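Chemist: Structure provided below as structure tokens; questions to follow.
The values are calculated or read from the model by the stated rules, or taken from the named source; none is laboratory data. Computed from a prediction, not measured in an experiment: that's the story for all the values here. So basically every Cβ, Gly included, is an ideal-geometry build from the backbone, and we count neighbours across all protein chains shown. Each accessible area value is taken on the protein alone, full model and side chains, heavy atoms only, with ligands, DNA and RNA left out. Shrake-Rupley method; radii C 1.70, N 1.55, O 1.52, S 1.80 Å.
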Amino acid sequence: MNTSYRNVNVACKALLLAISLSGVASAAEDRRPNVLFISVDDLNDWTGCLGGHPQAITPNIDRLAASGMLFTNAHCAAPACNPSRTALMTGVSPHVSGLYENGQKMREILPKAVLLPRYFANHGYWAAGSGKLLHYFIDAQSWDKYYPPKETEDPFPRTLYPKQRPVSLPRGGPWQYIETDWAPLDATDEEFGGDWLVSKWIGEQLRKEHDKPFFLACGIYRPHEPWFVPKKYFEPFPLEEIQLPPGYKEDDLDDLPPEGRKRGPNRYFAHIREHKQWKQGIQGYLASIYFADTMLGRVLDALEEGPHRDNTVVVLWSDHGWHLGEKQHWQKFTAWRVCTRVPLIVCVPPGTPGLPRGTKAGTSCSKPVNLLSLFPTLTELVGLPAKPENDGPSIVPLLRDPETNWPHVSLTYLSQPGSYGLSAERWRYIRYATGDEELYDCQTDPHEWTNLAGQPEQAAVLEELRALAPQTFAPRIPPKDSSLPRLKWHPTDTVAPSSQPDGKTFDIVFHNKREDPVNLYWMDRQGKPRSYGSIAAGWRIHRDTRPGAVWFITDLQNRPLGYFMVGDRAALALIPEDE
Ligand SMILES: [Ca+2]
Ligand SMILES: [Ca+2]
């Protein structure tokens with residue numbers, strides 16, 4: 001009896017100990033804050049809080065900024081989706097990884113990288129996401145749950161597009177990205193789908209209880225092109241009232257070095273002006289921003305009305321800026337401030353382990369920071385161990401005190417190793433791999449109109465900034481042939497159309513899958529085939545070519561088999577097996 005009583009007693013004590021231990025563990029987990037991680041694609045400083053365009057309507061971005069800290073001097077790690085997002089999500093800088101541009105594949109270059117959501121999931125979080133967070137793929141291994149389902153590797157829910165395209169901007173030629181176009185859609189938000197569905201799904205997660213703390217990522221795709229959104233978002237921006245970008249200056253290129261002059265003017269802007277679509281384009285961008293902001297509002301409402309409002313860290317960022325004519329440029333891929341600078345807002349609730357007092361509502365910070373810092377910042381905030389591979393410094397010291405001593409500068413890497421933009425608190429320095437340099441004083445010249453690099457009195461500043469930049473750059477690792485986008489094969493037993501080459505050259509990889517060799521011809525402008533030799537069975541060859549080129553394939557007896565028409569980027573031309 002005694003024995004059994006003792007056993008019961010021991011069992012009871014063990015049970016009590018187990019209960020109290022699990023109580024300790026769950027209390028610790030309860031205190032660990034959630035993370036709501038929101039990206040907006042291709043959004044420059046055209047927001048109310050950053051003031052980049054006087055007509056921008058962004059009440060939700062502004063209310064988020066008013067509830068936390070707005071970084072007014074935040075920059076991307078690279079001015080393009082893929083390298084910017086890869087750097088942010090892996091914590092590894094482009095000049096370390098060698099991933100500098102959109103054509104490269106993250107998992108070819110960083111096969112073992114632990115991405116931000118997976119890192120959180122490995123440390124007890126539930127990691128879920130929706131919409132565009134990586135460059136047109138989901139990376140299923142990094143998430144517990146995704147909408148659309150992660151197995152699809154397609155981050156986009158159904159989205160309404162006009163049936164007939166282009167709508168507003170005629171195709172300028174084969175060099176043109178097909179999505180550069182804009183128009184109001186006669187549709188409701190629900191009919192439009194896209195970001196409306198993303199914000200709906202994210203909202204549902206925010207209104208629910210969860211077993212674990214969450215890392216929830218919301219990837220809003222607008223204002224990425226095409227700028228088709230429901231017409232109500234166009235209505236506040238009548239065409240006759242559209243103002244040109246405040247950073248536009250007609251003769252801005254005059255003081256640029258050769259490499260800057262080469263990177264500024266592009267065909268998009270010339271084409272848009274030629275078709276008198278500049279104001280329409282600005283209108284489309286403003287409408288798309290207003291739409292994206294409204295979708296953000298749905299997410300913020302869900303957070304505020306749900307059970308997680310007081311224990312969720314909120315971060316909002318855009319992957320890079322955007323030109324709408326500044327420096328005669330349309331799009332991205334430049335090192336100027338209009339393209340490298342991004343909205344970045346961080347809201348930390350009180351009680352967060354890395355910042356117990358939380359952020360002070362309505363504060364801003366003008367120190368130079370980089371999106372590369374988000375990984376170490378978030379792990380420090382929630383109290384996870386730092387990931388050793390991370391390159392960026394945590395910005396928690398700035399969240400604590402935006403005026404604190406901050407010895408860092410912010411680097412934005414262009415696609416060519418050795419070309420970059422460097423942002424300090426006052427100065428911006430651009431260096432191209434050719435050795436060309438630009439220097440701007442953003443205190444007096446926020447639009448970077450006056451290049452000071454050649455002025456002798458700035459020599460000391462220039463010297464100081466040069467010394468803050470990295471001296472070594474990982475080589476750019478090209479994508480494997482098999483991961484290039486595929487060109488459409490047009491079978492023919494007669495002829496191929498003529499080439500209309502127009503645009504810059506790049507590589508096309510021809511892969512002959514047939515059991516016999518084939519002949520390769522380039523069709524000239526008059527439609528005459530010009531021989532480029534043959535391709536052995538099973539072989540691959542590279543050819544430098546241009547958008548609009550037509551490559552004609554015959555058998556060795558010159559019987560036509562088919563042809564490829566080159567688009568606006570490097571691709572794989574797969575010559576199919578004989579049927
Ligand atoms: Ca982007
Ligand atoms: Ca200038």
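Chemist: Just need the Rg to Rh number for the chain, please, alpha carbons only, Kirkwood Rh.
Modeler: Radius of gyration relative to Kirkwood radius: 1.03.
Chemist: What is the Rg over Rh value, at two decimals, for the stretch 345-385, using alpha-carbon atoms and the Kirkwood definition of Rh?
Modeler: Ratio value, two decimals: 0.97.
Chemist: Helix-only mean residue ellipticity at 222 nm, the chain, DSSP H runs n ≥ 4 weighted -39,500 (n - 2.57), per residue, nearest 500. What is it?
Modeler: -7500 deg cm²/dmol
Chemist: Using a cut-off of 19 Å between alpha-carbon atoms, which lysines can reach residue 112, once sequence neighbours fewer than 8 places away in the same chain are excluded?
Modeler: 150, 387, 480
Chemist: When the distances between all Cα atoms of the stretch 311-356 are binned every 10 Å from zero, what whole-number percent does each bin get?
Modeler: Pairs per bin, as whole percents: 26, 32, 20, 17, 6.
Chemist: Using the Kirkwood formula over every pair of different C-alpha atoms, what hydrodynamic radius in Å results for the stretch 367-457?
Modeler: Radius from the Kirkwood sum: 14.9 Å.
Chemist: Follow-up. Calculate how large, on average over all directions, the projected area of the Cα convex hull of the stretch 463-579 is; give the answer in nm² to one decimal.
Modeler: 9.6
Chemist: Cα-Cα pairs above 14 Å in the stretch 28-79: how many percent?
Modeler: I get 65 percent for the Cα pairs in the stretch 28-79 exceeding 14 Å.
Chemist: Mind ranking 188-199, 473-484 by how tightly packed they are, going by the mean number of other C-beta atoms within 10 angstrom, highest first?
Modeler: Answer by packing, highest mean first, reads 188-199, 473-484.
Chemist: Considering only protein heavy atoms, what per residue accessible area in square angstrom results for the chain with a 1.4 angstrom probe?
Modeler: 42
Chemist: Any chance you could list P(r) for the stretch 383-432, counting all Cα-Cα pairs in 5 angstrom bins from zero, rounded to whole %?
Modeler: Using 5 Å bins, I get a P(r) of 5, 15, 20, 19, 20, 13, 8, 1 for the stretch 383-432.
Chemist: Taking only Cα atoms of the stretch 122-166, what ratio of Rg to Rh do you get with Rh as the Kirkwood inverse-distance radius?
Modeler: 1.14
Chemist: Counting Lys and Arg as +1 and Asp and Glu as -1, what is the net charge of the other residues whose Cβ lies under 9 Å from the Cβ of residue 538?
Modeler: Net charge in that neighbourhood comes out at +2.
Chemist: Using label points projected 7 Å from each Cα along Cα→Cβ, tell me how many nm separate residue 363 and residue 107, to one decimal.
Modeler: 4.1
Chemist: Between the helical axis of 81-90 and the dominant principal axis of the chain, each derived from Cα atoms, what acute angle in degrees is found, rounded to the nearest 10?
Modeler: Computed tilt is about 30 degrees.
Chemist: Shifting gears a bit: Can you check what the net charge comes to around residue 502, using other residues whose Cβ is under 13 Å from the Cβ of residue 502 (Lys, Arg +1; Asp, Glu -1)?
Modeler: +4
Chemist: Ok, one more. Please give every one of the lysines within straight-line cross-link reach of residue 208, meaning a C-alpha to C-alpha distance under 19 Å, and leave out same-chain neighbours fewer than 8 residues apart.
Modeler: Correct list for residue 208: 145, 200.
Chemist: Okay, moving on. Along each principal axis of its Cα atoms, how long is the stretch 458-520 end to end? Whole angstroms, biggest number first, please.
Modeler: Principal axes ranked by extent give 68, 28, 17 Å for the Cα atoms.
Chemist: Mind listing the Cα extents of the stretch 123-275 along all three principal axes, in Å, largest one first?
Modeler: Computed over the Cα atoms, the extents are 59, 41, 31 Å.
Chemist: Got the relative contact order for the chain handy, in percent, Cα pairs under 8 Å and 6 or more residues apart?
Modeler: 19
Chemist: Mark the label point 7 Å from the Cα of residue 177 along Cα→Cβ and return the residues of the stretch 65-100 whose backbone N is within less than 11 Å of it.
Modeler: 80-82
Chemist: Report the Stokes-Einstein translational diffusion coefficient (µm² s⁻¹, integer) for the stretch 38-160, Rh taken as the Kirkwood radius over Cα pairs, at 25 °C with viscosity 0.890 mPa s.
Modeler: 152
Chemist: So, one more: First measure r as the distance between the Cβ atoms of residue 455 and residue 273, then evaluate 1/(1 + (r/R0)^6) with R0 = 35 Å and state the FRET efficiency to the nearest 0.05.
Modeler: The formula returns an efficiency of 0.65 here.
Chemist: When N counts the residues of the stretch 236-348, how does its alpha-carbon radius of gyration compare numerically with 2.2 N^0.38 Å, as a ratio?
Modeler: 1.35
Chemist: Please give every one of the lysines within straight-line cross-link reach of residue 504, meaning a C-alpha to C-alpha distance under 16 Å, and leave out same-chain neighbours fewer than 8 residues apart.
Modeler: Candidates past the 8-residue exclusion: 262.
Chemist: Using Cα pairs under 8 angstrom and six or more residues apart, how large is the relative contact order of the stretch 125-282, in percent?
Modeler: 28
Chemist: Antiparallel as a % of all DSSP beta bridges within the chain, to the nearest 5?
Modeler: So the antiparallel bridges amount to about 55 percent of the total.
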